[in-house]
Amino acid sequence: MERATSIAKPYSTRLFFQTVIARAYPRVIGAQREKSWMFFDIFLPLLAVSAYVFVYRAIGAPETYVGFVVMGGAMTAFWMNILWSMSSQLFWEKEQGNLALYIIAPNSMMAILLGMALGGMLATTLRAFVIVIIGGMLFGVQFSVSSFSALFGTFILTMVALYGMGMMFSSLFLLLNREAWHLASLAQEPIYLLSGFYFPLKSLGFWVAAGASIIPLAIGMDAMRQLVFPSGPSLGFLSVPIELVILVILSVVFLVGARYLLAYMERLAIREGRLTDSRR
Amino acid sequence: MQFSWWKERERSLRTSIRSFLTAAWLGWQIESNWTDPFLFAVYSIIKPVAGAAILVVMYGIITQGAFDSPLFAYIYLGNAFYIYVGSVMTGVSWAVIDDREHYKTLKYIYVAPIHAPSYMVGRGVARFLTGTIAVLVTITAGVLFLNLQLDLAAVNWPMFLTALALGVVMLANLGLLLAGVTLMIAHHVWFIGDAVAGALYLFSGAIFPLEVLPNWLRPIGFAMPLTYWLELLRRSMVGHVAASFPTLSKVTDGQLFAILIGLTIIFGLMAILVFRWGEHQARERGLLDMVTNY
């Protein structure tokens with residue numbers, strides 16, 4: 001029985017990238033075929049972010065905080081992508097009957113997840129970009145980038161750690177049923193709160209902020225705000241170099257953890273017969 | 001002839017009530033039976049409380065914790081009752097995607113002898129109930145931990161309950177309108193009701209007075225029933241707070257009720273028209289059993 005659940009798959013670099021492209025393809029094409037997502041996924045979130053800007057205006061906050069909200073609102077797109085288009089997508093695929101096909105095919109689950117992520121990047125990046133550009137223009141946000149290369153590097157490092165975390169979460173979702181949905185929904189507002197999406201991370205106090213630093217977006221966004229806004233450094237939690245080191249550590253831990261957890265959960269799900277289990 | 005018309009109306013009403021009650025029970029089962037009651041209660045509470053906490057932190061860091069200010073009560077209560085907006089609108093509109101693409105039962109709903117709009121509204125009842133718990137917990141937390149100025153003995157309960165009931169009808173109308181739109185679109189956004197509610201946050205005066213908005217945006221806020229609903233709730237609970245803000249200070253309670261009832265009727269008619277049109281489009285274009293899982 002144990003032997004049957006540990007089938008070796010003929011992984012190869014070529015197959016890995018073919019799988020990434022194959023899984024990304026329907027998302028990109030699907031988004032092209034019906035463009036109503038632009039209204040619901042880009043325009044409406046822009047309005048929601050604006051509401052938080054006006055709260056700050058109503059209470060007389062310094063303009064830097066408006067910039068913080070615009071940036072935080074843009075970054076919510078990436079967290080939503082992790083939650084709904086990667087983690088809980090596996091639950092949805094199971095309900096649709098695709099998950100078992102993914103497992104029996106000779107490809108890597110990491111590649112499938114990466115394909116999902118990259119395929120969903122079109123909407124995610126566009127949403128983030130629109131919020132930063134239009135939000136920045138509408139509210140007169142003053143950006144003062146001290147180093148574009150440092151900013152780009154921080155963003156990439158944040159994304160690597162974040163998507164590594166997303167892949168790790170996905171492995172847990174292999175075992176879940178309807179609760180997956182609710183847990184993903186639960187991980188929105190509390191994460192927005194703990195990550196300081198709409199206020200400086202250090203406002204939460206040292207120990208809460210330190211605990212929240214395990215979420216790559218929290219520490220990554222804090223570093224990016226320090227690099228983008230003139231008064232960012234004074235509102236930063238830790239210095240940028242320290243936050244970059246934390247992001248590197250998180251990236252390694254999450255990616256390696258995702259690799260092992262996915263393999264383990266896949267074996268466990270096969271052994272317990274949960275891949276085709278649909279408790280509706 | 002007239003007798004047969006009445007009999008037909010009576011049968012139609014019975015079908016609507018039966019569809020509503022069955023859908024409400026079904027929705028409650030779907031929402032609640034995925035876990036044990038304790039975890040369900042925790043889940044129902046953490047999410048909205050965290051949402052309120054974001055505003056509390058934002059307000060606290062800028063005002064150095066001036067939680068006894070009328071502005072804080074304005075923001076906090078507006079945000080607490082706004083939980084209903086996301087809950088009811090999501091509950092009603094999400095039923096379309098849930099039944100169409102998850103359970104794949106929407107086509108069976110349409111061949112069954114039920115009243116589809118009543119069924120959709122019924123599916124939102126469960127979210128309304130969990131939303132009610134969240135609203136209660138959020139307000140209680142505000143009173144206990146944040147010095148929210150709320151005196152239960154001073155609350156105008158008849159006004160509060162009437163406004164609340166009217167608001168729930170108005171939100172169900174908005175949910176039905178959204179469900180009509182959802183019938184025609186693919187499954188792009190997971191919780192379309194939350195997305196729309198998030199956007200309407202801006203115009204409803206829920207978390208800041210409408211005067212803060214630019215002049216050209218204010219008319220949108222004044223055209224929204226949510227603005228008047230939230231004002232009535234604030235006036236009934238903390239009248240002195242509502243009086244501190246000039247937005248609707250010249251409008252009497254009776255006028256507010258009249259405007260809210262009028263807008264509820266208008267949005268109700270719009271919801272029926274849009275839902276029927278969406279249904280027609282979905283049938284014409286073969287969208288009732290569409291699966292858009294990409």
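List the relative contact order of the stretch B:14-284 as a percent without decimals, with contacts defined as Cα pairs under 8 Å and 6+ residues apart. Answer for the stretch B:14-284 is 27 percent. Here the peptides B:148-159, A:79-90, A:52-63 are ranked by packing, the mean other Cβ count within 10 Å, and the order with the highest first is A:79-90, A:52-63, B:148-159. From zero up to wherever the largest Cα-Cα distance of the stretch B:4-58 sits, split into 10 Å bins and tell me the percent of pairs in each. Pairs per bin, as whole percents: 20, 24, 22, 18, 13, 4, 0. Projecting the Cα atoms of B:I54, B:V121, B:I139 onto the charge dipole of the stretch B:28-154, computed from C-beta unit charges around the Cα centre, puts B:V121 farthest toward the positive end. In summary, the lysines within cross-link reach of B:K107, defined as a Cα separation below 26 angstrom excluding same-chain residues under 8 places away, comprise A:K35, A:K94.
Taking a straight line from the alpha carbon of B:K47, these lysines sit under 24 Å away, with near neighbours fewer than eight places off in the same chain left out: A:K202. The charge dipole of the stretch B:14-284, taken about the Cα centre with unit charges on the Cβ atoms of Lys, Arg (+1) and Asp, Glu (-1), comes to about 520 debye, rounded to the nearest 20. Pairwise Cα separations in the stretch A:1-123 fall into 5 Å bins from 0 onward with the following percentages, short to long: 2, 10, 14, 17, 15, 12, 9, 7, 6, 4, 3, 1, 1, 0. Between the alpha-carbon centres of the stretch A:129-198 and the stretch A:202-239 there is a gap of 14 Å. Simple rule: put +1 on each Lys or Arg Cβ and -1 on each Asp or Glu Cβ in the stretch B:14-284, find the dipole, and look at B:T247, B:T90, B:L183; the Cα lying farthest toward the positive end is B:L183. A prolate overall shape is assigned to the stretch B:14-284, the ratio a/c of its alpha-carbon gyration tensor axes (a ≥ b ≥ c) being 1.5 or greater and a/b exceeding b/c. Ranked by how many other Cβ atoms sit within 10 Å of their own Cβ, fewest first, the residues A:M38, B:M120 fall in the order A:M38, B:M120. Over the residues of chain B, the helix contribution to mean residue ellipticity at 222 nm works out to -24000 deg cm²/dmol, using -39500 (n - 2.57) for each DSSP H run of at least 4. The tail of the calculated P(r) for the protein assembly as shown beyond 32 Å holds 48 percent of all Cα-Cα pairs. Along the stretch B:265-279 the Karplus relation, 6.51 cos²θ - 1.76 cosθ + 1.60 evaluated at θ = phi - 60°, assigns HN-Hα couplings of 5, 4, 5, x, 5, 4, 4, 5, 5, 5, 5, 5, 5, x, 4 Hz to successive residues, with x for each Gly and Pro.
FYI, it's all coordinate maths here, none of it is from the lab. Remember, predicted model here, so these are calculated numbers, not experimental data. Every residue, glycine among them, receives a Cβ derived from its backbone with ideal geometry; neighbour counts consider all protein chains shown.
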